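> The structure that follows is given in the form of C-alpha cells.
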Amino acid sequence: MTLVSEVRLRQVLDSRGNRTVEADVVTESGGFGRAAAPSGASTGEYEAIELDPSEAIASAREHAVPRLEGKVYVGDQRDVDRTLRAADATDDFSEIGANSAVAISMAAAKAAADVTGAPLYQHLGGAFRGEAFPTPLGNVVGGGEHAADATAIQEFLSAPVGAPSVQDAVFANAAVHQEVHDLLEERGIAAGKGDEGAWAPSIDDEEAFEIVAEATDAVADEVGFEIRFGLDVAAAEMYDADDEEYVYRDTTRDTDEQIEYVADLVEEYDLAYVEDPLDEDDYEGFAELTDRGTLICGDDLFVTNVERLEAGIEQGAANAILVKPNQIGTLSDAVDAVELAVENGYKPVISHRSGETEDTTIAHLAVATGAPYIKTGAVGGERTAKLNELIRIEQNVSRL
Ligand code: PGA
Ligand code: ZN
C-alpha cells in the first residue's frame, strides 16, 4: 500500500477544442497516473455537475487535494472516491465539479496500477475476464446535439455482433463508416462530421436508416460476420415537455406514437440496440418499449446513478444502462452501477462522451467489468485512442 503524495491538476484541450480538467496522481513509491475528464453535449438533467474547468480545479485544490495528499492509499480506490465525495459534500459534485472528481478518481486508479506494474484493466478486476470482450458500438451517422442541420436521431451505431474478435469489430465499424461515406457520395450528399466523428449529412432519419442498413449489409458480406445496427435517439433532447411531444425535422410524435415508431423501427431494421428512445423522466414509456423486445438502454434516464437505476429495475424500464464515469463522478460509483445492473439482468454499456481526450480509461473499465458493449465512436484520434487500446488489451490477454 502506498500513499498519494501529490495531485496535480491542469486544464487541457478536449476534442471540441474546449478546456477540460486533467489530473496527475503521484504516489510515495513513485507510481504515476494521469487522466482527463470528458464532457457531454446532450447531457442528462440528472447528471453530476461539470463546473467551468478553472473553477473545478481551484475548488478541488482547496477541498479535495489536501485530503488526499499523504493521507489516502492509492490502491484503495473506494477510499480515494469516498474522500472525493467527503471533500465535495454535495450529492452531485457541484462543489469541486464532477470533472475534477472523475479526473482524480481515474488518475488514482492508474497510479495504483502503475505501482503494481499491472495494466489498468487487471488492477480494476479484469484478470479473469479475458474471454468476454466488449462489442464496440460505432457511431457512423448522427446529428441531434452533436451536429447542426443533420439527422434528428443523435446516433446511428454500427453493431458488429458477430465479430470473432475486438480487432475485427473495430475494423468493421471503421469499414461501415467508410461505406456510409461512399453511399452518401453516390447520392450526391455532402457531409462533414459531427462531434464524435460520425457523418453528419443534412438528410432526414429515413434516408439515414436506408444508408446505414445498406452499409452494414455490404460490410457484413465483405467480412463474413453479422453486423447489425442500433440507435441513440437521445429523445430527451427532442422532447417538448409543454406540448408533451417529440419534435422531429418535419413532424412531431406524442409518447404513444414515439413508442410505436421505435418499436416499428426495431422490427423493420432488426435493431440490435436503442438508447434513450424516450424522455429522461419517462420510466413508464421505457418499460412499455422494453416489453416489445431488443436492447433498450438508459443513458439520460439513469445517468450512471444507482438510485435512478433502482427505480428503473422496479418498473422494468430498459434492460441496459449506459455507464459514463463523469456522469456520476467517480470510478467506484460507475462500478456500483455496473454491478447493480448485472445483478438485475441489465447489460452495462461503457461509454465515451461527445467531448473526449486521448484518455483510455473506459477501454480498461469495459474489459475489467466484463461489459458486453462499449460505445466509443468509430474514427477520430480521441475515439481510436480507446479502440486501439482495446485491440492491445485483447492481444495482451489472448496472445493473438
Ligand atoms: P453526450 O452524448 O456525450 O453529448 O452526452 C453521448 C450520448 O448521448 O450517449
Ligand atoms: Zn446517449
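> So which residues in the range 320-340 are away from ligand 2 (no atom under 16 Å from the Cβ) and on the phi < 0 side of the Ramachandran plot, if there are any at all?
Selection gives Thr330, Leu331, Ser332, Asp333, Val335, Asp336, Val338, Glu339, Leu340.
The rows are residues; the columns are (1) modelled with pLDDT of 95 or more; (2) among the basic types (Lys, Arg); (3) within 16 Å of the chain's Cα centre (by Cα); (4) open to solvent by less than 10 Å² (accessible area, probe 1.4 Å).
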site: Arg82; (1), (2), (3), (4): yes, yes, no, no
site: Arg85; (1), (2), (3), (4): yes, yes, no, no
site: Glu95; (1), (2), (3), (4): yes, no, no, no
site: Ser100; (1), (2), (3), (4): yes, no, no, yes
site: Pro136; (1), (2), (3), (4): yes, no, yes, yes
site: Asn139; (1), (2), (3), (4): yes, no, yes, yes
site: Ile153; (1), (2), (3), (4): yes, no, no, yes
site: Ala159; (1), (2), (3), (4): yes, no, yes, yes
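> Within the range 188-209, can one find any residue that is assigned to a helix (DSSP H, G or I), within 26 Å of Asp14 (Cβ to Cβ), of a type in the set (A, V, I, L, M) and open to solvent by less than 30 Å² (accessible area, probe 1.4 Å)?
No, the conditions are met nowhere in the range 188-209.
> Does the range 265-296 hold any residues that are open to solvent by less than 10 Å² (accessible area, probe 1.4 Å) and among the β-branched types (Val, Ile, Thr), and which are they? Before you say what the answer is, go through the steps one by one.
Taking the range 265-296 and keeping what is open to solvent by less than 10 Å² (accessible area, probe 1.4 Å), we get 271, 273-278, 285-286, 289, 296.
Val274, Ile296, listed by residue number.
> Continuing with this model, one more query. With respect to Arg292, determine if the residue is in a loop (DSSP other than H, G, I, E, B), basic (Lys, Arg) and away from ligand 2 (no atom under 14 Å from the Cβ).
The answer is yes for Arg292.
> Let me ask you something else. Can Ser165 be described as open to solvent by 50 Å² or more (accessible area, probe 1.4 Å), of a type outside the set (A, V, I, L, M, F, W, C) and touching a residue at least 40 places away in the same chain (Cβ under 8 Å)?
Spelling it out, it is not the case that Ser165 is open to solvent by 50 Å² or more (accessible area, probe 1.4 Å), of a type outside the set (A, V, I, L, M, F, W, C) and touching a residue at least 40 places away in the same chain (Cβ under 8 Å).
> Taking Val342 as meeting all but one of (1) part of a helix (DSSP H, G or I); (2) touching a Leu at 6+ places or on another chain (Cβ under 6 Å); (3) under 23 Å from Ala317 (Cβ atoms), write down the number of the exception.
So the condition that Val342 fails would be (2).
> To continue, here is another question. Quick check on my filter: what residues within the range 1-40 are in contact with a Pro (Cβ under 6 Å, 6 or more places away or on another chain) and open to solvent by 60 Å² or more (accessible area, probe 1.4 Å)?
Within the range 1-40, Gln11, Arg19 qualify.
> Pull up the range 41-61, narrow it to residues that are open to solvent by 20 Å² or more (accessible area, probe 1.4 Å) and more than 20 Å from Arg85 (Cβ to Cβ), then point me to the one that is nearest to ligand 1 (Cβ to nearest atom).
The extreme case among them is Ala41.
> Is it the case, given these coordinates, that Pro348 is assigned by TED's automatic domain parsing to the domain that holds Lys193 and open to solvent by less than 10 Å² (accessible area, probe 1.4 Å)?
yes
The values are calculated or read from the model by the stated rules, or taken from the named source; none is laboratory data. All of these numbers come straight from a predicted model, not from anything done at the bench. Positions of Cβ are backbone-derived with ideal geometry, glycine not excepted, and every protein chain shown enters the neighbour counts. Remember, those area values only see protein heavy atoms, side chains included, never the ligands or the DNA or RNA. Shrake-Rupley method; radii C 1.70, N 1.55, O 1.52, S 1.80 Å.
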